[in-house]
1. Along the Cα→Cβ direction, 7 angstrom out, place labels at Glu73 and Asp56. What is the inter-label distance in nm?
2. Go from 0 up to the bin containing the longest alpha carbon distance in the range 61-140, width 5 Å each, and give me the % of pairs per bin.
3. Can you compute 3J(HN,Hα) from phi for each residue in the range 60-74, using the Karplus curve 6.51 cos²θ - 1.76 cosθ + 1.60 with θ = phi - 60°, rounded to whole Hz and x for Gly and Pro?
4. If you average 1/r across every pair of different Cα atoms in the chain and take the reciprocal, what Kirkwood value do you get, in Å?
5. In nm, to one decimal, how far is the modelled label at His80 from the one at Thr114, with both set 7 Å along Cα→Cβ?
6. Between Gly36, Gly84, Gly14, where does the largest GNM mean-square fluctuation fall for the chain, given springs only between Cα atoms within less than 10 Å?
7. Can you give the convex hull volume per residue for the Cα atoms of the range 1-71, as a whole number of Å³?
8. For the peptides 57-70, 108-121, what is the packing order when you average, over each peptide's residues, the other Cβ atoms within 10 Å and list the highest mean first?
Amino acid sequence: MDWLKTSLFIETHGKGMHEITDQVQSVVREWNIQEGMCFLFLPHTSASLATCEAYDPSARHDVEEFYERLAPERQSWYQHTLEGTDDSPSHIRATLTQSSFTIPIDNGRLSLGTWQGIFLFEHRSHPHRRELLIHALKVA
C-alpha cells in the first residue's frame, strides 16, 4: 500500500457551494489509484465540505438558502463580529457541516452516487483562497 498526499487550492467568489468533484477526481487519476481510499480535509473554520446533487443547480440553491435562513447575518445576539457581519454565521454553519470526508476509490474513480458531487461550501461573503488536503491510500 502507498500513502499519497497533496493540497489543492480553491479560489471562492464568496458564499456558496463550489463543486470540486472533477478536481479531486483528477488527483486520483494522476496518482493512478485503481483501488483505495481518498481522505479530504478542509482546515478552515468558516468553510466546509458537502456532498450534494451535482446535476440540478436548484438543489444547491435550496441547500444554500436553508443555511442562510438557519444562520442569518446581522443578528443582534452575535458577539463574534470582529471580521464583519458574516463572521459568526460562517462559523456556525461550519460547525453544522463537515470538514472531512472519506470516499472509496473503485476502478480508478471516486465511488460517488450517480448525481452526487463534492462541494467546498464557502460560508464567508468575500472571496477566499481555501486549501483542501487530499490524502489517499492506494492498494497495490
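Values quoted throughout were computed directly from the atomic coordinates according to the rules given, and no laboratory measurement underlies them. Since the structure is predicted, the reported quantities are computational estimates derived from the model, not experimental observations. We place every Cβ from the backbone using ideal geometry, glycine too, and count neighbours over all the protein chains shown.
1. Modelled inter-label distance: 2.9 nm.
2. 3, 11, 20, 19, 16, 11, 9, 6, 4, 2, 0, 0
3. Going residue by residue, I get 4, 4, 5, 5, 4, 5, 4, 5, 4, 6, 5, 10, x, 6, 6 Hz, with x marking Gly and Pro.
4. Working: mean 1/r = 0.0632 Å⁻¹.
After inverting the mean inverse Cα-Cα distance, the result is 15.8 Å.
5. 4.0 nm
6. It is Gly84.
7. On the way: hull volume 8.5 nm³, N = 71.
Hull volume over Cα atoms, normalised by residue count, gives 119 Å³.
8. On the way: 57-70: 13.4, 108-121: 16.5.
Ranking the peptides 57-70, 108-121 by packing returns 108-121, 57-70.
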